[in-house]
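See below for the structure under consideration.
The values are calculated or read from the model by the stated rules, or taken from the named source; none is laboratory data. Not measured: the values here are computed from a predicted model. Cβ: placed from backbone, ideal geometry, glycine included. Neighbour counts: every protein chain shown.
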Amino acid sequence: MTEDAFGGDNGMLLSNMPKGALPPLSWCILLLASISGAGCHHAAGRSSLEKVTLQADWYPQPEHGGFYTALVKGYYQEAGLDLSIQPGGPYVTPEQQVSVGTAQFGMSSSDKILESVGDGQPLVAVAATMQHDPQGIMVRKDSPIRSFADLNGHTVAIKTGSTWFQYIEKRYQLTNVHEIPAMMNVANFVADPQYVQQAFATSEPFFAKQAGIETRVLLTSDAGYSPYRVMFTTRKFAEQHPDAVRKFVDASIRGWRDYLEDPAAAHAAIIKLNPALNPEWMNFTWRALRDGHFVEGTDPSELGKMKADRWDTMYKQLLDLKVIDKVFDPTTAYTLEFLQQN
């Protein structure tokens, strides 16, 4: 996740949660432990399961809904895995956690995985969580800004150094844009009709609407910068534990299919772990994920799938932006081997 609204370096989800409303990480972990065995009837039944950890990229939220659905419905256990989800936060880097073995799996994005591999981290994406990134720029519905090209002459609140915005600036030749630090809330947006800020289509528009303001989001994916959101592991773990990886991918994709149909099970678990959320916000996010086709794209059969040409395009874009300064084979950053049966 290079530096976007998800937090970190393209990692989820700083702007999704009002500043000051974040639950303590240790508290989240303790609560999460209480449901990491959901669907298992007794402790002895878990002893024969393979223990694995999924490092999340933010605190529990609807954007993790498929994983929580698979957890609370027991899909991981049915597959032979005793899986725990380890909450993330503003100071947690999933790529680092997985690289050092603190977790076997992590949530990230294809651009961040490519950057990490370019930096020498032995990571490999194994499936897509989202086909398209909900990241973009939010403006008011009646704003004269209709495309990214119209940003010239405007001030934009953005997370400094965001790779996706570097792409937007270069593609649209934005030589007259004044960048200010994003405040990770919509207070300034609500107060100033001219305010323009980075946003996630699944989050900030909800808070603006709560204040009576209709919005539009210009998606970076529509501009040609379209990373996958991905599940990943290390190359070593994938080579030594291919069955565990396949089970994890299959159960996760099953969970995401269910979540898009009905989010109730996941939301009930998530809101217990993260009471800073509320049902209205969660349902808004779920509808935005579903109706925007971010998770499965336009073809439901594509859920979880990845394509080589998308990875190659992202790799070339990062090289062109000089975000990656070493030439390497982009196929080392992902594998399609665990997607054949989905």
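A few remarks follow.
- A266 vs. criteria of a type outside the set (V, I, T) and either over 23 Å from V124 (Cα atoms) or over 21 Å from the mean Cα position of the chain (by Cα) (or both): yes
- The condition of being surrounded by fewer than 18 Cβ atoms within 10 Å (Cβ to Cβ), assigned by TED's automatic domain parsing to the domain that holds Q77 and either within 19 Å of the chain's Cα centre (by Cα) or in contact (Cβ under 8 Å) with a residue 40 or more places away in the chain (or both) holds for R287.
- Options V249, V245; residue that is β-branched (V, I, T), within 18 Å of S301 (Cα to Cα) and at pLDDT 95 or above: V249
- If the condition is being part of a loop (DSSP other than H, G, I, E, B) and touching a strand residue (DSSP E or B) at 6+ places or on another chain (Cβ under 8 Å), then segment 182-193 contributes A182, M183, V186, P193.
- For first residues located in segment 241-270 and surrounded by fewer than 19 Cβ atoms within 10 Å (Cβ to Cβ) and basic (K, R), partners that are at pLDDT below 95 and part of a helix (DSSP H, G or I) and lie 6+ apart or on another chain with Cβ distances below 9 Å form the pairs R257/P300.
- Residue identified as within 25 Å of G66 (Cβ to Cβ), of a type in the set (S, T, Y) and at pLDDT 95 or above among T102, T155: T102
- Residue that is nearest to L218 (Cα to Cα), among those in segment 143-181 that are part of a loop (DSSP other than H, G, I, E, B) and in contact (Cβ under 8 Å) with a residue 60 or more places away in the chain: S147
- Every residue from segment 305-323 that is crowded, with 17+ Cβ neighbours inside 10 Å and farther than 20 Å from Q135 by Cβ: K305, L319
- Tally, over segment 182-215, of residues that are at negative phi and either at pLDDT below 95 or surrounded by 18 or more Cβ atoms within 10 Å (Cβ to Cβ) (or both): 20
- Residue that is surrounded by the most Cβ atoms within 10 Å (Cβ to Cβ), among those in segment 140-160 that are among the charged types (D, E, K, R) and in contact with a helix residue (DSSP H, G or I) (Cβ under 9 Å, 6 or more places away or on another chain): K159
- Among the residues here, A43 qualifies as in the same structural domain as K322 (by TED's automatic domain parsing), farther than 30 Å from K316 by Cα and either modelled with pLDDT under 95 or more than 12 Å from the chain's Cα centre (by Cα) (or both).
- Sole residue being under 27 Å from M306 (Cβ atoms) and in contact with a helix residue (DSSP H, G or I) (Cβ under 7 Å, 6 or more places away or on another chain), chosen from T163, T215: T163
- Sole exception among (1) in contact with a helix residue (DSSP H, G or I) (Cβ under 7 Å, 6 or more places away or on another chain); (2) not in a helix (DSSP H, G or I) for L260, by number: (2)
- Positions within segment 263-288 being among the aliphatic types (A, V, I, L, M), part of a loop (DSSP other than H, G, I, E, B) and in contact with a helix residue (DSSP H, G or I) (Cβ under 6 Å, 6 or more places away or on another chain), in sequence order: L277
- Within segment 306-318, residues that are farther than 17 Å from F294 by Cα reach partners that are buried (at least 19 other Cβ atoms within 10 Å of the Cβ) and modelled with pLDDT under 95 with beta carbons closer than 9 Å, at six or more positions or on different chains, in the pairs L318/T2.
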